[in-house]
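The values are calculated or read from the model by the stated rules, or taken from the named source; none is laboratory data. Remember, it's a predicted structure, so these values are computed and weren't measured experimentally. Cβ placement follows ideal geometry from the backbone for every residue including glycine, while neighbour counts extend to all protein chains displayed. Ligands, DNA and RNA are stripped out before the accessible areas are found, and what is left, the full protein with its side chains, is counted by its heavy atoms. Shrake-Rupley method; radii C 1.70, N 1.55, O 1.52, S 1.80 Å.
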Amino acid sequence: ERQVLLTSTQLSLLTSCAEVLLSLLFPLKWSHAYIPLLPHFLIPILSAPMPFLCGLNKANLADALCDLSGECVVVDLDKNLVTMGPSTDPLPPLPKSHERDLKAKLEKNVGMVFREARSLTKNDDFSDRGAKLPTHVKLMADGMWESRLCLFDEAFHLAFTPENARK
């Protein structure tokens, strides 16, 4: 039970990721505030002293920062970055065997998707957000990811645009 704020420039990604997080709780059920796409006028709700799972357009993040408590976990979906609030208790470590199994399963199931979205090869080391990559490869990978985010968001909006408005 934590305060979790998802943020992205790709609005369609916010709801998808929030739903995935809720499904990972099964068989438990999230019984607190859940707003997958928080409108700007509701940003003050983030200062409430209760657990929440909210998604926020990254353009509104600067306005929300003063309302976040020190215990809020901010997840930047565009940069694959999780920032724990300064007052957030650290998560207990996973047992080594579980950590190894989880990493292996993630690598097997989503590793190449992550790399392909950034035009990286299996040998490219993207740990520490690409700090070990040559500068030109990191810039290319970040650029590819940003351009793909824009394409996915445009496709999402097009899919939900009425047929007569598309012409």
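Among the protein heavy atoms of the range 22-117, carbon and sulfur supply 66% of the accessible surface, probe 1.4 Å, non-protein parts ignored.
Only the Cβ atoms of Lys and Arg (+1) and of Asp and Glu (-1) were treated as charged; on that basis the dipole of the range 1-106 about its Cα centre amounts to roughly 360 debye. Averaging the sequence gap over all C-alpha pairs within less than 8 Å and six or more residues apart, then dividing by the number of residues, gives the range 1-80 a relative contact order of 49 percent.
Here the peptides 101-107, 4-10 are ranked by packing, the mean other Cβ count within 10 Å, and the order with the highest first is 4-10, 101-107.
Under the criterion of Cα pairs below 8 Å and six or more residues apart, the relative contact order for the range 33-88 equals 29 percent. The amide H of residue 6, built 1.01 Å from its N in the peptide plane, has 54, 55, 56, 75 as neighbours under 5 Å, considering only residues 5 or more places off or on other chains.
Electrostatic bookkeeping for residue 44 treats Lys and Arg as +1 and Asp and Glu as -1; over the other residues with beta carbon under 12 Å from its beta carbon, the sum is -2. Overall form of the range 27-86: rounded. Here a/c, set by the Cα gyration tensor axes a ≥ b ≥ c, is under 1.5.
Go through 41-51, 90-100, 67-77 and give me the packing order, highest mean Cβ count within 10 Å leading.
So the peptides 41-51, 90-100, 67-77, ranked by packing, come out 67-77, 41-51, 90-100.
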